[in-house]
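**Student:** What follows is a single structure, and I will ask about it in a moment.
The values are calculated or read from the model by the stated rules, or taken from the named source; none is laboratory data. The shown structure was predicted, so the numbers you read here are calculated from the model rather than taken from an experiment. Here the Cβ positions follow ideal geometry from the backbone for every residue, glycine too, while neighbour counts run over all protein chains shown.
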Amino acid sequence: MKIGLDMRMADPEYGIGRYSLEIAKSLLETDKKNNYILFVRDPMKFRKAGFEQYPNVRLVKADYRHYSFAEQILFPFTLWQQKLDLMHFLNFNVPLFYRGTFVVTIHDVVHLKLPGNKKRRFIHRWAMKKVLLSAAQNAKRVITVSNFSKKEIISELHIPAYKIDVIYEAVTPLAVSDSEIVAARQKFAITKPYIIFIGVLERKKNLIALAQGFNLLKEKFQVNIQLVVAGKVDVHYPEVSEAIKKITYGKDIILTGVITEREKYALLNGSNAFVSASLFEGFGLPGVEAMSVGVPLAVSNSEVFNEVYDNGAIYFDPFDPSDIAQKINFILADDKYRSQVADHAYVRAQAFSWKKSAEQTLETYEKSTR
């Protein structure tokens, strides 16, 4: 079978991009029977990353920007030229005029639930919803990354449950040395014990409430600690970083900007806890990354976090800074409890593997071509 993978969003710096890279690598390492065509924006980047080491892979340039005329008109022609048996779109950006057999991964429906501040024209918002709905309706099968996301897709897009396969994401933790942990602390001027958030600084991450909770943690419980916020600042949400800096204890909040994979795992290994007050996620990959190195979590009491993190976390009300402060203090102040949650977190992380995800994805491919 000749299978296409839409790798145009592949990028290690954010969730969907990392999913694209990891699931592609795992499919290629697991499946020696099928042939794969990877549609990429920059073939040279993928050659340097070693993708052509696999004998059943070919790279095809598809430098078509999302929501563009080229994506809708030229991309389907590029796909048609390859005479595919099955196409897997790793995000919902499926050209409206594509008529081949395909599977689509829909990570969440946050664009419908929390549209945010991005200054999109009406036609852009309409087009995004149209593309999402068309992708879900016309796919042979839909893959999503949690049971929570499956319920949201059924509710918002009215797709039957039998058509949706839940396949969890996973992590590949990097082993880092003590010297790398020290170097990361020095680079980002971390001078105290710290808790860490990892992710893009955008509205749905609810970072202003997290910063307010951190402020109360310092004021009420007198905790000598810093908060490291590691991730890219979203230019569409400048108010997030501005508000964080105005917090009373803003000097103890460190905004790192974009970090490397090794820096991420160095910072995770050196932290006392991972924290997130996010309001909407499809899975919550950074939390699983933290769990994979035995870091306990203090996170929003949301359905998806309870599903994914289970007993590897303590949960708080993300709308209540006082509760955020109390729960973080609880996990920091009680060494025995923190150690128990950390142990549970590490065990829970072992349930997620890219190999298992790839095997389940192959099962979805088989069901789609029967």
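**Student:** Please enumerate the residues belonging to region 224-246 that are surrounded by fewer than 18 Cβ atoms within 10 Å (Cβ to Cβ) and more than 14 Å from K205 (Cα to Cα).
**Tutor:** Scanning region 224-246 gives N224, V235, E242, K245, K246.
**Student:** Related question: Can you pull out every residue in region 29-51 that is assigned to a helix (DSSP H, G or I) and either crowded, with 21+ Cβ neighbours inside 10 Å or in the same structural domain as L201 (by TED's automatic domain parsing) (or both)?
**Tutor:** Within region 29-51, just F51 meets the criteria.
One line per residue, one yes/no per condition, for (1) free of Cβ contacts under 8 Å to residues at least 12 places away in the same chain; (2) in contact with a strand residue (DSSP E or B) (Cβ under 6 Å, 6 or more places away or on another chain):
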position: V240; (1), (2): no, yes
position: A243; (1), (2): no, no
position: K251; (1), (2): yes, no
position: T256; (1), (2): no, yes
position: T260; (1), (2): yes, no
position: L268; (1), (2): no, no
position: F283; (1), (2): no, no
position: A290; (1), (2): no, yes
position: V293; (1), (2): no, no
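**Student:** Let me ask something else. Show me the strands (runs of 3 or more DSSP E) entirely contained within region 219-322 in which 2 or more residues are among the aromatic types (F, W, Y).
**Tutor:** 313-316
**Student:** Here's another thing I want to ask about it. So, of the residues in region 152-177 that are in a helix (DSSP H, G or I) and in contact (Cβ under 8 Å) with a residue 12 or more places away in the chain, which turns out to be surrounded by the fewest Cβ atoms within 10 Å (Cβ to Cβ)?
**Tutor:** Applying the filter and picking the extreme gives K163.
**Student:** Mind checking which residues of region 108-141 are modelled with pLDDT under 75, assigned to a helix (DSSP H, G or I) and closer than 26 Å to S278 by Cβ?
**Tutor:** Result: K113, H124, R125.
**Student:** On to the next question. Looking at this structure, is F280 buried (at least 24 other Cβ atoms within 10 Å of the Cβ), aromatic (F, W, Y), in the same structural domain as K205 (by TED's automatic domain parsing) and within 24 Å of K151 (Cα to Cα)?
**Tutor:** no
**Student:** Okay, moving on. Being out of contact with any Gly (no Cβ under 6 Å at 6 or more places or on another chain) and of a type in the set (S, T, Y) is the filter; apply it to region 334-364 and report the residue that is surrounded by the fewest Cβ atoms within 10 Å (Cβ to Cβ).
**Tutor:** The extreme case among them is S339.
**Student:** Give the residue, chosen from F89, F75, that is among the aromatic types (F, W, Y), buried (at least 20 other Cβ atoms within 10 Å of the Cβ) and under 23 Å from the mean Cα position of the chain (by Cα).
**Tutor:** Residue meeting the stated conditions: F89.
**Student:** Write out, first by first residue and then by second, each pair whose Cβ atoms fall under 6 Å of each other, whose residues are 6+ apart or on separate chains, and whose first residue, in region 178-200, is part of a helix (DSSP H, G or I) while the second is of a type in the set (A, V, I, L, M, F, W, C).
**Tutor:** Close Cβ pairs (under 6 Å, with a partner that is of a type in the set (A, V, I, L, M, F, W, C)) amount to E180/A266; I181/A266; A184/A266; A184/L267.
**Student:** Does E307 meet the test of being at pLDDT below 95 and on the phi < 0 side of the Ramachandran plot?
**Tutor:** no
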